[in-house]
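The values are calculated or read from the model by the stated rules, or taken from the named source; none is laboratory data. A quick note: this is a predicted structure, and the numbers were derived from the prediction, not measured. All Cβ positions, glycine included, derive from the backbone under ideal geometry; neighbour counts span all protein chains shown.
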Amino acid sequence: MSDLSALALPHIAKLHAYTPGLQPTEPGWVKLNTNECPYPPSPRVAEALRREIGPDGASLRLYPNPRSTPLRAAVATLHGHGLREANVCIGNGSDDILNLLIRAFVTQEAAAGFTLPSYSLYPVLVEIQDGRMQTIEFDRSMQLPVERIAASTARAFFLTSPNAPTGVAFSNADLERVLASYRGLFVVDEAYAPFARENALPLLARHPNLVIVRTLSKAYALAGIRVGYALAAAGIIDLLDRVRDSYNVNRLSQVAAVAALEDPAYYDGVIAKIVATRDRAVAALGRRGWFTYPSQSNFIFTEPRNARGESGPAVSKSAYDFLFARKVLVRHFPSHALTAPFLRISVGTDAEMGVLSDTLDAWLQAPPPHAPQR
Ligand SMILES: *Cc1c(COP(=O)(O)O)cnc(C)c1O
């Protein structure tokens with residue numbers, strides 16, 4: 001057989017994989033491209049990992065707790081709102097949870113709905129499943145198209161709130177207007193909720209078709225350990241447990257996550273610092289005259305203007321390339337008309353945001369590369 005892809009299922013043979021943000025391996029980058037936390041995790045995490053490994057790593061001989069039971073309990077305790085262990089499923093990152101939801105609920109007959117733009121993993125997961133998609137387009141206001149989502153016939157609808165890559169959050173009042181008529185599974189991906197003023201937790205008890213997805217990758221500074229979770233009615237959690245790998249979360253990740261969740265005071269401080277840096281950076285971009293969506297996340301979505309006051313996809317690309325050449329890494333999403341004129345910038349430390357600002361000043365002063373040479 002010369003073409004091995006012909007052996008694969010047809011929808012897999014034509015699949016386009018998700019493109020993660022660059023993870024440079026050489027030092028010297030100001031890395032503001034994947035919304036990681038610029039501060040380390042709680043010191044309790046490293047302590048818990050050392051304790052679990054012990055002098056010789058003997059515990060690693062043994063499989064982990066298959067249900068991540070102590071971690072489910074820690075999540076339920078953290079959130080309150082009457083949540084119990086039975087309302088929590090732990091994933092190998094929240095991407096694992098999103099995958100389980102699509103595996104359990106989506107086919108050609110039962111579509112997955114989501115907005116455009118939003119998290120670009122959703123369509124990839126649906127394609128892997130050979131499922132059908134229904135998309136609902138935002139307009140430039142980025143206000144939630146409540147009526148259109150409420151009327152969606154999708155079996156499961158995935159809403160990112162605060163949204164990615166815009167950072168715009170949707171109110172519980174709007175979510176409730178959707179939930180008043182939408183009868184499918186309503187999944188709110190709250191990867192950035194710790195940086196927002198409001199979250200959907202208070203709605204869970206009243207809406208059995210609501211699923212909240214969270215991650216420890218952003219606010220908890222633990223992207224490297226891969227832990228995320230779903231909060232939902234016990235009946236939904238039971239379905240996810242049937243389709244997940246039986247040992248989907250390793251031993252070290254489980255203890256690291258428990259240690260992190262048991263140190264809320266540390267994370268309140270980290271989140272307050274990031275929010276303060278974010279709000280200062282948004283104000284500074286405003287003083288440049290750049291339009292920036294109001295962010296309730298740990299990133300900023302801003303529309304660069306060049307020295308001539310122009311904006312657009314070529315201008316944002318020019319700023320991206322200039323920053324990249326000086327080892328400042330941000331994200332540009334050229335494939336959608338609403339995102340192409342913008343850059344997404346993760347909120348770093350104050351020092352990192354200073355480097356970003358100085359490099360943008362240099363970009364504004366640099367002659368455009370396409371200027372005629374004299
Ligand atoms: C980062 C992110 C995730 C993925 O989180 P992991 O737990 O690292 O898999 C999920 N959804 C959105 C919207 C994200 O931005």
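Where in the range 40-150 are there helices (runs of 4 or more DSSP H), lying fully within it, with 3 or more residues that are among the hydrophobic types (A, V, I, L, M, F, W, C), under 16 Å from Val188 (Cα atoms) and away from the ligand (no atom under 16 Å from the Cβ)? Even if it seems obvious, please write down each step before you answer.
Values: elements: 43-53, 69-79, 94-105, 121-128, 146-150.
In the range 40-150, the matching helices (runs of 4 or more DSSP H) lie at 146-150.
Considering only residues that are hydroxyl-bearing (Ser, Thr, Tyr) and closer than 15 Å to Lys31 by Cα, look in the range 311-355 and name the one that is farthest from the chain's Cα centre (by Cα). Spell out the reasoning first.
Looking only at the range 311-355, we keep the residues that are hydroxyl-bearing (Ser, Thr, Tyr), and these are 311, 316, 318, 320, 335, 339, 346, 349.
Checking the rest, the ones that are also closer than 15 Å to Lys31 by Cα come to 320, 346, 349.
Values: Tyr320: 21, Ser346: 12, Thr349: 19 Å.
Within the range 311-355, the match that is farthest from the chain's Cα centre (by Cα) is Tyr320.
Given the options Pro20, Pro10, Pro55, Pro27, name the one that is surrounded by fewer than 13 Cβ atoms within 10 Å (Cβ to Cβ), more than 29 Å from the chain's Cα centre (by Cα) and modelled with pLDDT under 95.
Just a single option satisfies the conditions, and that option is Pro10.
What pairs come up if the first residue lies in the range 203-215 and is within 16 Å of the ligand (Cβ to nearest atom), the second is assigned to a loop (DSSP other than H, G, I, E, B), and their beta carbons are under 6 Å apart, counting only those six or more places apart or on different chains?
Note: pairs meeting the criteria are Val211/Ala232; Ile212/Glu190; Ile212/Ala200; Arg214/Glu190; Thr215/Ala191.
Looking at the range 317-333 only, could you name the residues that are outside any helix (DSSP H, G or I) and under 13 Å from Trp363 (Cβ atoms)?
First pass over the range 317-333, keeping only residues outside any helix (DSSP H, G or I): 326-333.
Within the range 317-333, Arg326, Val328, Val330 qualify.
If I ask for residues that are of a type in the set (D, E, K, R) and under 11 Å from the mean Cα position of the chain (by Cα), which ones from the range 152-203 would you list?
Filtering the range 152-203 down to residues of a type in the set (D, E, K, R) leaves 155, 174, 176-177, 183, 189-190, 197-198.
Scanning the range 152-203 gives Asp189, Glu190.
Quick one: which of Val188, Val178, Val168 is away from the ligand (no atom under 16 Å from the Cβ) and aliphatic (A, V, I, L, M)? Please lay out each step first, then the result.
On the way: Val188 fails: away from the ligand (no atom under 16 Å from the Cβ); Val168 fails: away from the ligand (no atom under 16 Å from the Cβ).
Every option except Val178 fails the conditions.
Does the range 106-117 contain at least one residue that is within 20 Å of the chain's Cα centre (by Cα), more than 29 Å from His332 (Cβ to Cβ) and in the same structural domain as Val75 (by TED's automatic domain parsing)? If you could, list the steps in order and put the result at the bottom.
First pass over the range 106-117, keeping only residues within 20 Å of the chain's Cα centre (by Cα): 112-117.
Now drop any that are not more than 29 Å from His332 (Cβ to Cβ), which leaves none.
Checked the range 106-117: no residue is within 20 Å of the chain's Cα centre (by Cα), more than 29 Å from His332 (Cβ to Cβ) and in the same structural domain as Val75 (by TED's automatic domain parsing).
When both residues are 6+ apart or on different chains and their Cβ atoms are under 7 Å apart, which pairs have a first residue that lies in the range 43-57 and is in contact (Cβ under 8 Å) with a residue 40 or more places away in the chain, and a second that is of a type in the set (Ser, Thr, Tyr) and assigned to a helix (DSSP H, G or I)?
Pairs that qualify, where the first residue is in contact (Cβ under 8 Å) with a residue 40 or more places away in the chain and the partner is of a type in the set (Ser, Thr, Tyr) and assigned to a helix (DSSP H, G or I), are Glu52/Ser59.
Take Leu62 and decide whether it is surrounded by 15 or more Cβ atoms within 10 Å (Cβ to Cβ) and not polar (S, T, N, Q). Outline the logic, then answer.
Details: surrounded by 15 or more Cβ atoms within 10 Å (Cβ to Cβ): no; not polar (S, T, N, Q): yes.
Here the answer is no, as Leu62 does not meet what is asked.
For residues in the range 30-52 being of a type in the set (A, V, I, L, M, F, W, C) and within 20 Å of Asp350 (Cβ to Cβ), which is farthest from the chain's Cα centre (by Cα)?
Within the range 30-52, the subset of a type in the set (A, V, I, L, M, F, W, C) is 30, 32, 37, 45-46, 48-49.
Next, from what is left, pick out any that are within 20 Å of Asp350 (Cβ to Cβ): 30, 32, 37.
Numbers: Val30: 20, Leu32: 14, Cys37: 12 Å.
Looking at the filtered set, the residue picked out is Val30.
When both residues are 6+ apart or on different chains and their Cβ atoms are under 7 Å apart, which pairs have a first residue that lies in the range 350-366 and is in the same structural domain as Ala272 (by TED's automatic domain parsing) and at positive phi, and a second that is of a type in the set (Phe, Trp, Tyr) and modelled with pLDDT under 95?
Between residues of the range 350-366 that are in the same structural domain as Ala272 (by TED's automatic domain parsing) and at positive phi and residues that are of a type in the set (Phe, Trp, Tyr) and modelled with pLDDT under 95, there is no close pair.
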